[in-house]
Amino acid sequence: MEFHVRSARHTDVDAAISILMRDVGDPGQRRGDADRLRSLLYVPAATVVVAEVERRVVGVGVLSIRPTVRTGQFIGVIDELAVEGQAGRAERAAAAADATSRDRIRSSILEQLIASARNKGCARVEVTDPLAKSESALLKRADFARQGALLSRAIG
């Protein structure tokens with residue numbers, strides 16, 4: 001499957017929120033979260049990227065930059081990383097291929113967020129729970145190491 005990871009646009013927000021909030025049925029919460037995500041598109045200390053397949057958003061990642069006194073001037077924090085799942089596949093081979101594609105998309109989104117953090121002057125990138133637990137295999141492959149309640153990787 002061919003995909004492309006790029007900076008998110010205003011028109012990507014609804015699709016990104018659908019991926020991030022697939023378990024939330026409250027329209028008020030969805031609307032509020034969509035407004036917050038939309039505002040992040042204009043904040044220099046944040047990066048929002050999407051992965052698309054055939055002009056359809058299938059993944060999203062959000063990085064925020066914060067100051068620190070520990071390891072340098074700034075730390076990047078990956079707040080969100082999600083890829084849409086393809087439910088209902090009957091054949092195991094198709095499901096395995098789909099899982100492999102989702103892993104490639106997740107890896108590409110993660111690489112894009114790390115590159116953005118590096119370009120914005122971050123010394124480290126951190127991922128906190130629950131994302132650190134749910135994506136632990138992906139993060140370990142990307143050289144993140146557990147430091148207390150978070151996973152961290154030096155990039156500077």
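The values are calculated or read from the model by the stated rules, or taken from the named source; none is laboratory data. Every value quoted in this text rests on a predicted model; they were computed, and no experiment measured them. As a convention, Cβ positions derive from the backbone with ideal geometry for all residues, glycine included, and neighbour counts pool all protein chains shown. Note: accessible area is taken over every heavy atom of the protein model, side chains too, but ligands, DNA and RNA are not part of it. Shrake-Rupley method; radii C 1.70, N 1.55, O 1.52, S 1.80 Å.
Evaluated with a Cβ-only charge set (Lys, Arg +1; Asp, Glu -1), the stretch 30-70 carries a dipole of roughly 160 debye about its Cα centre, given to the nearest 20.
Against the chain, whose longest principal axis comes from its Cα atoms, helix 27-40 is set at around 50 degrees.
The distance between label points at ALA145 and VAL69 comes to 2.5 nm (points 7 Å beyond Cα on the Cα→Cβ vector). The MET21 and LYS133 beta-carbon pair, evaluated with R₀ = 30 Å, returns a calculated FRET efficiency of approximately 0.95. Residues PHE144, PHE74, PHE3, sorted by accessible area with the largest first, give PHE74, PHE3, PHE144 [1.4 Å probe; ligands and nucleic acids excluded].
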